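The values are calculated or read from the model by the stated rules, or taken from the named source; none is laboratory data. No experiment lies behind these values; they were computed from the predicted model shown. For neighbour counting, all protein chains shown are included, and Cβ atoms are generated from backbone atoms with ideal geometry for every residue, glycine included. In case anyone asks, the SASA skips ligands and DNA or RNA and just uses the protein heavy atoms, side chains included. Shrake-Rupley method; radii C 1.70, N 1.55, O 1.52, S 1.80 Å.
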Amino acid sequence: MIKSYLLLLYRLITYNVKVIFANKFVYFVLAAFLFFALIITIAIFDDPDFNEAVIFGFLVFPGLLLVFYPMAYGIQNDDDSKMLETIFGIPNYRYKVWLVRFVLTLGVATVILLVLANIANLTLYRFDLLPMISQVIFPIMFLSALAFMLSTLIKNGNGTAIVLIIVSFIFFIFSEPLRYNAYNVFLNPFSEPRDMSNFIWQTIIFKNRLYLIVGTVLCLLYGMYNLQFREKFV
């Protein structure tokens with residue numbers, strides 16, 4: 001009985017991964033690894049002094065690359081494949097389809113990031129894998145939910161991608177002025193300021209992660225709300 005359930009779960013996950021990544025999963029994984037290798041190569045020539053703060057930056061951007069396409073192009077891919085109307089016919093489709101895809105996308109990104117983090121741990125700098133990944137996933141999760149929400153508003157993959165790139169670029173520009181601010185989407189919890197007490201710094205990190213969680217939930221809820229107006233999508 002357990003074996004059959006596990007087999008069913010495996011088939012469900014593999015099918016959804018194929019749908020999410022439009023049968024191009026291998027290419028996305030390869031792109032993430034190549035991007036990760038490129039960042040490391042540039043950093044080696046620029047500043048060979050590795051630490052946890054640097055590794056955090058190395059992992060965030062490959063993670064964003066992994067979730068960018070599934071979240072931005074998900075609805076358009078369903079429309080192009082003539083599956084959108086079928087999905088709308090599924091009871092509680094918003095939760096059974098798109099929420100499951102969101103969770104699976106983050107799950108796949110987390111697994112791949114664990115592999116990349118392990119490579120960095122073995123070759124560049126020793127650090128604790130789980131605390132690192134648990135921090136890296138926060139901005140990735142928020143931007144994934146933001147991309148999903150934008151896709152329900154724009155209803156076009158290319159348009160969503162352009163808007164998301166602009167918004168992410170704005171967040172990235174302000175990440176330096178807001179380097180130690182709780183409102184910094186790309187706040188690096190391993191880059192502790194020297195002139196700040198540890199208690200205040202941990203409070204800032206806690207607030208930042210709380211804001212990202214709240215933002216993720218709000219984006220998901222608004223995206224789900226938009227999806228109930230099926231006549232706007234078909």
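Quick notes
- Computed over protein heavy atoms with a 1.4 Å probe, the carbon and sulfur contribution to the accessible area of segment 81-195 reaches 66%.
- Selection of trypsin sites (Lys or Arg not before Pro), segment 170-234, meeting DSSP coil and at most 14 other Cβ within 10 Å: 179, 194
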